[in-house]
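A short worksheet on the structure shown next.
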Amino acid sequence: MKYNYKDFGLVNTREMFAKANKEGYAVPAFNFNNLEQLQAIIEACVEMGAPVILQVSSSARNYIGRDMIPWLGRAAVEYVKAAGSDIPVALHLDHGPSYEIAEDCILNGFSSVMIDASKYDYDENVAISKKVADFAHKYDVTVEAELGVLAGIEDEVHAEEHIFTRPEEVEDFVSKTGVDSLAIAIGTSHGAYKFKPGDNPHIRLDILKEIEKRIPGFPIVLHGSSSVPQQYVRIINENGGKIEDALGIPDEQLHMASKSAVAKINVDTDGRLAFTAGVRKAFADDPTVFDPRKYLAKGREFMKKYYKEKIVDVYGAEGAYKKGKERK
Ligand code: G3H
Ligand code: 13P
Ligand code: ZN
């Protein structure tokens, strides 16, 4: 093993999820691709006293660089300590596309991995997820698997329609695989275009309830849970962007889900939108700017502000841990 997450002060998701389910909130799981997004996420969570799962997709891992990732995780942990907070920080592989990539992350500083074999048939999904769980557990790394298919782009596979998770399969799936959490498909989807104008945006909380009944207390994960905040879409469009008819999941429905066995809610698109709105505004406000610190700081500021609101409105996780000081 090259990097052990425990040496870096990172934690797996086991205790985070147990506490979240007991206390009726969900753990924020936010994706990042660069330093400013990581700063926005960790600062927001520290100031709100919310636990955090730092998510890296395999394409983000290629973008940042495989050897740099664990050190960024460590930097986040050091930031938490210096701010006087005690929020737990997990470093998680999002949508692990293969056993080999999951294994590589386990050996290179990740405290949690997702194996996304939901594009395969049921038996193959069970076999791959179990293989990852068996390997991960040797190192006390936790594993998320997925059952059901989200509409839209997922793991470079495009699905026209949702294939909702079948509640009658979940018990068999979690007992055969030994995974630690389960991502389900109940009408959320990835990206900024989840619904069309005129749709009635909603998720199938009835299926969630059925699933909860079959595996009581087991941590459930929701992917594709961005709300697509219209204020940022507007700022982007008013400042040279062109994002049309982008609609997400209403906050209230996600908040309802956060009180159930849903222990982790994934958001990436909202952070990208807030960040882009800030950067576009910075350029529009001062066309002479060319210092990246000036325009990236605006992106960071917008993203952090949005995530602080989201921690209250969607996750219900404010004050779950000790709040830390703001960065000077
Ligand atoms: O669910 C996927 C995440 O939003 C990551 O997307 O592969 O573009 O980094 P990405
Ligand atoms: P969004 O595209 O809705 O932000 O979903 C992110 C996600 O599920 C990451 O795994
Ligand atoms: Zn996802």
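The values are calculated or read from the model by the stated rules, or taken from the named source; none is laboratory data. Not measured: the values here are computed from a predicted model. All Cβ positions, even for glycine, are placed from backbone atoms using ideal geometry, and neighbour counts span all protein chains on display. Areas reflect the complete protein model, heavy atoms only, side chains present, ligands, DNA and RNA absent. Shrake-Rupley method; radii C 1.70, N 1.55, O 1.52, S 1.80 Å.
Here are some notes:
- Given (1) open to solvent by 20 Å² or more (accessible area, probe 1.4 Å); (2) in a loop (DSSP other than H, G, I, E, B), number of the condition VAL228 does not satisfy: (1)
- Single residue of GLY271, GLY324 found to be in contact (Cβ under 8 Å) with a residue 60 or more places away in the chain and either over 27 Å from PRO51 (Cα atoms) or away from ligand 3 (no atom under 16 Å from the Cβ) (or both): GLY324
- Residue check for LYS259: basic (Lys, Arg), under 13 Å from VAL314 (Cβ atoms) and within 16 Å of ligand 3 (Cβ to nearest atom): no
- If you check VAL289, VAL279 for being outside any helix (DSSP H, G or I) and in contact with a helix residue (DSSP H, G or I) (Cβ under 9 Å, 6 or more places away or on another chain), only one passes: VAL289.
- Note on region 185-207: residues that are open to solvent by 20 Å² or more (accessible area, probe 1.4 Å) and within 16 Å of ligand 1 (Cβ to nearest atom) total 4.
- Filtered residues of region 304-324 (kept if part of a helix (DSSP H, G or I) and of a type outside the set (D, E, K, R)): TYR306, TYR307, ILE311, VAL312, VAL314, TYR315
Let's see how each residue does on (1) under 20 Å from the mean Cα position of the chain (by Cα); (2) without any contact (Cβ under 8 Å) to a residue 24 or more places away in the chain; (3) buried (at least 19 other Cβ atoms within 10 Å of the Cβ):
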| site | (1), (2), (3) |
| --- | --- |
| VAL170 | no, no, yes |
| SER175 | no, yes, no |
| LYS209 | no, no, no |
| PHE218 | yes, no, yes |
| VAL233 | no, no, yes |
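- The set of residues in region 99-119 that are of a type outside the set (A, V, I, L, M, F, W, C), out of contact with any Lys or Arg (no Cβ under 6 Å at 6 or more places or on another chain) and either within 16 Å of ligand 3 (Cβ to nearest atom) or assigned to a helix (DSSP H, G or I) (or both) comprises GLU100, GLU103, ASP104, SER112, ASP116, SER118, LYS119.
- Taken over region 229-248, residues that are within 15 Å of ligand 3 (Cβ to nearest atom) and either modelled with pLDDT under 95 or touching a Leu at 6+ places or on another chain (Cβ under 9 Å) (or both) amount to 0.
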